[in-house]
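So the structure is just underneath, and the comments pick up after that.
What follows draws every value from the coordinates through simple rules; no lab data is involved. Since the structure is predicted, the reported quantities are computational estimates derived from the model, not experimental observations. Because the Cβ atoms are built from the backbone with ideal geometry, glycine has one as well, and the counts that use them run over all protein chains shown.
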Amino acid sequence: MNVKQLLPLGLSATVAMSIVMPVRAAEVPAISHSELVKAISAKKVVLLDVNGTDSYKAGHIPGAINFETAKANLKSKLPANKKALIVAYCGNEMCGAYKMGAEAAKKLGYTNVKHYSPGIMGWKKSGAKVVKG
């Protein structure tokens, strides 16, 4: 199965890619919820929401970048410091869409790229604030 076969089913390209793209979690270290909250509070993280625009508008982690709309100009959205913490997330532990955001950051030379595996569902479940729109 490929992405083009999944698009007629109403899936966004981002979600379709997460289905067909193999996930190798060991290549992208995880960040815990408490570590992420601390990094956000300290303003020491750039978040990439890889859930697609509709999901992003429905609720995302405060400060997150909508990867779907930013991927063409991602370089301009990320800090100059290639050691900056970049965290990609998607829907939940079962979603592999985060891999696209993580790989895009790595291709741009970022060396501190992590994955928030609970995703937006875990973030919401924790009671943490989300931003809509």
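Remark: the range 43-87 carries a charge dipole of roughly 360 debye about the Cα centre, counting +1 on each Lys and Arg Cβ and -1 on each Asp and Glu Cβ.
How large is the dipole of the range 24-125 about the Cα centre if only Lys and Arg carry +1 and Asp and Glu carry -1, each at its Cβ, rounded to the nearest 20 debye? Provide the component values of the computation, followed by the final result.
Working: 16 positive and 7 negative charges, 75 e Å.
Taking the Cα centre of the range 24-125 as origin, the dipole is about 360 debye.
For the range 46-57, putting each phi into the Karplus relation 6.51 cos²θ - 1.76 cosθ + 1.60 with θ = phi - 60° gives couplings of 10, 9, 10, 8, 10, 8, x, 5, 4, 5, 4, 5 Hz, in residue order, rounded to whole numbers and with x for Gly and Pro.
Each residue of the range 89-95 was assigned a 3J(HN,Hα) from its phi angle through the Karplus expression (A = 6.51, B = -1.76, C = 1.60, θ = phi - 60°), giving 8, 9, x, 6, 4, 8, 8 Hz with x at Gly and Pro.
Taking amide H atoms as placed 1.01 Å from N in the peptide plane, the amide H of Lys114 lies under 5 Å from those of Ile86, Val87, Ala88, each 5 or more residues away in sequence or on another chain. Structure note, pairs Lys82/Lys125; Lys57/Lys114; Lys75/Lys124; Lys75/Lys114: Cα-Cα distances above 21 angstrom occur for Lys82/Lys125; Lys57/Lys114; Lys75/Lys124.
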